[in-house]
1. With viscosity set to 1.306 mPa s and temperature to 10 °C, compute the Stokes-Einstein D of the stretch B:109-149, Rh being the Kirkwood radius across alpha carbon pairs; µm²/s, no decimals.
2. I need to check one value: relative contact order of the stretch A:1-74, counting alpha carbon pairs closer than 8 Å and at least 6 residues apart, in percent.
3. Output the Kirkwood hydrodynamic radius of the stretch B:5-244, Cα pairs only, in Å rounded to one decimal.
4. Net charge near B:Ile113, counting Lys/Arg +1 and Asp/Glu -1 over other residues with Cβ under 10 Å of its Cβ?
5. Please report the spacing between the Cα centers of the stretch A:76-99 and the stretch B:109-174 in Å, no decimals.
6. How do B:Ile52, A:Ile75, B:Ile196 rank when sorted from fewest to most other Cβ atoms within 10 Å of their own Cβ?
7. Along its principal axes, what span do the Cα atoms of chain A show, with the longest given first and each in whole Å?
8. Would you mind calculating the relative contact order of chain B from Cα pairs under 8 angstrom and at least 6 residues apart, reporting the percent as a whole number?
Amino acid sequence: MIGIVDYGCGNLMSVANSLEFLGFDCFVSSDADKLSAAGGLILPGVGAFPAAMEMLEASGLVGCVKGFTRPLLGICLGMQLLFSVGEEVRECAGLGLVPGRVRLIDTELKLPHIGWNSLSLRGASPLFRGVPDGSFVYFVHSFAGAAENPADVAAVTDYGTEVLASVSRGNVHGCQFHPEKSGDTGLKILKNFAELCV
Amino acid sequence: MLAKRIIPCLDVRDGRVVKGVNFKDLRDIDDPVALGKFYNASGADELVFYDIIASAEGRPLFADILRRTAREIFIPLTVGGSINSLDDFDRVLKSGADKVSVNSGAVRDPSLIDAGAEKYGSQCVVLSMDVKRVGTGFHIFVKGGRVDTEIDALKWAVEGEKRGAGELVVNSMDTDGVRGGFDIELLGEICSRVSIPVIASGGAGKREDFLELFRTTDCQAGLAAGIFHSREVEIGPLKRYLAENGVNMRV
C-alpha cells in the first residue's frame, strides 16, 4: 500500500488516479502513523518551497517523511523538498535527504520550464528500468535541484542548460517532472516505483 | 530540448463533443472521454476541454466527464468555459483539471488572473483570448466573438503575463474556420511581447500550417479542433511529419 502525503499542497488526485489505473493500492493521508506504516510514500507538491516546508511542518509530517525507510518518491516540488536547502523566495532548509541546493534554473530560455522534455538517464535508478533514454516527460517548474553527489543524479534534461530531472539515493527518489502527467512513460516510472514498494 | 506541443480542443455541450466528429471506428464518437482517450493514444501532448454552455444542468455532466477523463488519461488537461471566479477554478481543478483557461471572465475582471495565479500558481492559469483585426489594430472580442471590447490585444497579452498568467492561448478570429493557416502576423506580434508560452489557435487546415507556425514564430504549441475531429489531419502522422522536418516533437 502506497501512502500519498497530504499536507495541503499539490494535486493528489492525479497521482492517486494513476496508481489506481496501474492497479496499485494507495491512500491519501495526513496521519503520520498511517503514512509511517505504508509500503512506500509519495510526496507531491505544488507552489513555493518555503510555503510547502511550512505546511509540511504544520502538518507534523516532517519526522515521518525524514524517518521513512521504505521507498519514498518526491514529485515536482516534493522532489525539491528532499534537498538540504531551497533558494526560492528566501533561503530555507529542506528535508536534507539528498545533499544539495534548489536554485532558480540558470538559462537564457523562458521560465517556467513548462512542457515535454527528453530525459538523459544517468546511473541505474530502478525508477527508469525499461524506460528508453530520450523519453519525453512533462515538466512545470522554475527551480531545480543541484545534487552535491553526482551518484545521486538519476536523470537530467536540457533546457539551455543541464537541468536535474530525477534523483535516486538509497530509498529516496525524486522526479522533477510529473510522472502522473507524462503519458505512458510516466506510468512506467510510477509502476517501477510502486513495484519497489511491494 | 523542449518539444513543441500539439493540442486537440474538445468543445463539450451537455456532455457531448460538438463540431463534426468523424470517428467511425469509435463506438461512441461524441463521448468526450472516448475521444480524449483516442487523442491520448494518438500522441496528443495535452487536451483542452471547453465547457460550451456551462449551464446549471450541464455542470454536473461536465464535472463527471473531467473526473472520468482524469482517471484514464495521464497527460495535462486544461479546462475552460465560463470561468468567472476562484470558485470556478476550484470546481474544475477538483474534478481533475491541471490548468484553468480564463477568457471573458478575465476581461470583465482582470484581477481574476492575479487571484488564480496567487492561489494555484501561474502554471495553472491560462489566459485565452479571441482576437480580431479592427482598423490597423487587434482587438479582444468576447461573447463568442460577438462583442468588440476595444481592448488592444497586444497590450492585453502583456497585461495577462504581468498579472500572472502562465500561458496564453491566442485564437485569431480572422483565420479561425478558414483553414488557410495560423495567423502568423498576430502570433509573431504577441510572441515578441511576452516570455510565457504562446499556444496558437485558429486557422490550421493541413499539416504544413503547423510547420509554418513552428518555423516562423516562437509559439510553443498549436491547438485545433475541427481538423482533428474530422480526421483531415491526424495527430500521430502530423507529429512525425513535423519531426521529420526538424521540429522537436514528442514522437
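No value in this document is a laboratory result; all are computed from the given coordinates. As the structure is a computational prediction, the values presented were derived from the model and not from experiment. As a convention, Cβ positions derive from the backbone with ideal geometry for all residues, glycine included, and neighbour counts pool all protein chains shown.
1. The estimated diffusion coefficient comes to 135 µm²/s.
2. 39 percent
3. After inverting the pairwise mean of 1/r, the radius is 17.8 Å.
4. Counting the neighbours of B:Ile113, the net charge comes to -3.
5. 35 Å
6. So the ranking, lowest neighbour count to highest, is B:Ile52, B:Ile196, A:Ile75.
7. If we take the Cα atoms of chain A, the spans are 45, 38, 28 Å.
8. Contact order relative to length: 19 percent.
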